[in-house]
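Here the structure is laid out as structure tokens; the discussion comes afterwards.
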Amino acid sequence: MMSKQPNINTQVNCYPLIYASGHNGEQEKLPTVVNEQLAVVSDLIATHHLPIKLDYQPSNIKLSQKNRQKLSEQYQQPLLIIDEKGQLSLLIEGMSVAPNWASLQRRIVSAGRKSELLLQASKLTSESTVIDATAGFGHDSLILASGGASVSMLEQQPVLALLLLAEQQKMAKEKNWQKLMARLNIVCIEASDYLALKSTQKVDVVYLDPMFPDDSYENSQTGKGAKVGKHMQALHGLVAPPNLQVQRQLLDNALSVLKQGGRVVVKRPVNAPNFAEQMADESWQNAVIRFDGYFARGI
Ligand SMILES: C[S@@+](CC[C@H](N)C(=O)[O-])C[C@H]1O[C@@H](n2cnc3c(N)ncnc32)[C@H](O)[C@@H]1O
């Protein structure tokens, strides 16, 4: 379930970790759930060699939305928070975000699957192997894994990889989620580096959901469109959209690890230009997003 892959991203980033403390920040009086989550976080960083250094800071004040805003202004950098309920989240520019896999429950039961555009574009079976090369909060990975496929989730940002690993560990405690969690392999790595590794096994699908400028959802004619959600807004404070050269590299590397009959699927805002300036072989779209499929070249 957990990856043993070495990490390639080695630049160590320091994050303040603000955690809800009982009385006067005394360790022995910490709420049990907070204590447990502190242990999980430091264990995951050590086990997965995540290049993260934490500056632990107990907080006597309630970690309400208003106080989080204040913390964000005070620190002027992304922070990790463990609240009174033991929930780990990333606080960035006043927004608290975290993977919320339980919220996808309805979408990942079979009744909801037929309507998933991503699954229509990916053509997966229960035997399929997938690399989600841009895992983010892991929401699309879960949809990809919902029908039985195994998904390697690549995330270049160590702090996001930490959130993913913590969420996987939390959900694996729920009986109904254990099989799905066991099909996810989270790796903290830059995707092109991973895909270029000689040892990378061939897969059926590589999925790419790269960042795009936050006005990309707008309709080019009306100037109107869907707003970028809170999770994506927060990511814009951490990750830049890839330039053309990076896009080309990513698409080439993704195509190079496909099995015969496999495909790369790229998520785009519906009106966005082609990824890497390459025309897709087939597209699936609704009013807001488009999934472009690039089929495996003759092998
Ligand atoms: C738009 S978000 C993906 C959201 C995701 N599909 C979800 O359902 O939550 C893009 C994510 O991919 C990561 N990413 C972008 N380029 C990457 C790369 N070359 N290698 C690994 N991760 C990458 C970013 O750090 C960011 O977390």
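A few notes on this one:
- Residue list for segment 131-150, restricted to those being at negative phi and either away from the ligand (no atom under 12 Å from the Cβ) or in a helix (DSSP H, G or I) (or both): 139, 140, 141, 142, 143, 144, 145, 146, 147, 149, 150
- If the condition is being among the polar types (S, T, N, Q), under 15 Å from residue 141 (Cβ atoms) and assigned to a helix (DSSP H, G or I), then segment 154-181 contributes only 168.
- Answer from 169, 87 - the residue that is more than 15 Å from the ligand (Cβ to nearest atom) and not assigned by TED's automatic domain parsing to the domain that holds residue 290: 87
- The conditions of being within 11 Å of the ligand (Cβ to nearest atom), under 22 Å from residue 160 (Cα atoms), modelled with pLDDT of 60 or more and in contact with a Pro (Cβ under 8 Å, 6 or more places away or on another chain) are not met by residue 208.
- Tabulated pairs, segment 113-139, first in the same structural domain as residue 289 (by TED's automatic domain parsing) and aromatic (Phe, Trp, Tyr), second assigned to a helix (DSSP H, G or I) and within 13 Å of the ligand (Cβ to nearest atom), C-beta under 7 angstrom, 6+ apart or interchain: 137/231
- Residue in segment 106-119 that is surrounded by 18 or more Cβ atoms within 10 Å (Cβ to Cβ), outside any loop (DSSP other than H, G, I, E, B) and more than 19 Å from the chain's Cα centre (by Cα) present: no
- Matching entry among 166, 182, 172 (being of a type outside the set (S, T, N, Q) and buried (at least 20 other Cβ atoms within 10 Å of the Cβ)): 166
- Only residues that are surrounded by fewer than 20 Cβ atoms within 10 Å (Cβ to Cβ) and in contact (Cβ under 8 Å) with a residue 40 or more places away in the chain were counted in segment 248-268, giving 5.
- Pairs linking a residue in segment 229-247 that is in contact (Cβ under 8 Å) with a residue 60 or more places away in the chain to a residue that is among the aromatic types (Phe, Trp, Tyr) and assigned to a loop (DSSP other than H, G, I, E, B), with Cβ atoms under 6 Å and 6 or more positions apart or on different chains, are 231/137.
The values are calculated or read from the model by the stated rules, or taken from the named source; none is laboratory data. Treat the numbers as computed from the prediction; the structure is a model and nothing was measured. Please note: Cβ atoms are built from the backbone with ideal geometry, for glycine as well, and neighbour counts cover all protein chains shown.
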